[in-house]
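*Asks:* For reference, the structure I am asking about is given below.
None of the figures in this text is laboratory data; all of them are computed from the coordinates on show. This structure is a prediction, so every number in the text was calculated from the model and none was measured. Counting neighbours? That spans all protein chains shown, and the Cβs are built from the backbone with ideal geometry, glycine included.
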Amino acid sequence: MKHNGHAGHEWVAAALNQFEGRLLRYAQRITGDPHRAQDVVQETFLKLCREQPTAIDGHLAQWLYTVCRNQAIDVRRKESRMTAIAEPTLDDTCSEEPNPARSAEDRDDVARILDHLGDLTDNQQECIRLKFQHGLSYREIAAVTDLTATNVGFLIHTGLKRLREQLNRDE
């Protein structure tokens, strides 16, 4: 059975509109390069085009982040550059629409948190970012990272505890 190439992919366009920006930031943290991140996200959505909507119904975000992560890690490995995950800019940690009323004190707090986030393990950083910057559930994070949901919860809990301790020491 033939289907119209354009009519069958409205759901892909909707997914692109919803997830492209977040996936670009996520891929850039892994690859350390905005151009490589664009390639990774493009490949992720090309793979999505090949999927049947029913195959990923109900877990689109999890599927996209998993494919994006795996693709980004492959790119990083192929280039033999094991660069550290790039730290997000202050704007990356904010919602899609920045609040102009945000106080300087809030910006300082975010900057302090980002400074200390780099002190955590790579797994803790990734789980915390997927939870708080990308809004994934523990189960979705577990599927993306190939960890158990229990392990994800532990990593987030211990990571946040360590961040809290470091921030309290700063005061």
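*Asks:* Hey, can you grab everything whose amide H is under 5 Å from the amide H of GLN133? Only 5+ residues off in sequence or another chain; H modelled, so Pro and N-termini drop out.
*Replies:* So GLN133 has HN proximity to no qualifying residue.
*Asks:* Something else now. Peptides 150-156, 161-167, 131-137: what's the order by average Cβ count within 10 Å, highest mean first?
*Replies:* Descending mean neighbour count gives 150-156, 131-137, 161-167.
*Asks:* Taking neighbour Cβ counts within 10 Å as the exposure measure, how do THR158, THR66, THR31 sort from fewest upward?
*Replies:* Starting with the residue having the fewest Cβ neighbours, the order is THR158, THR66, THR31.
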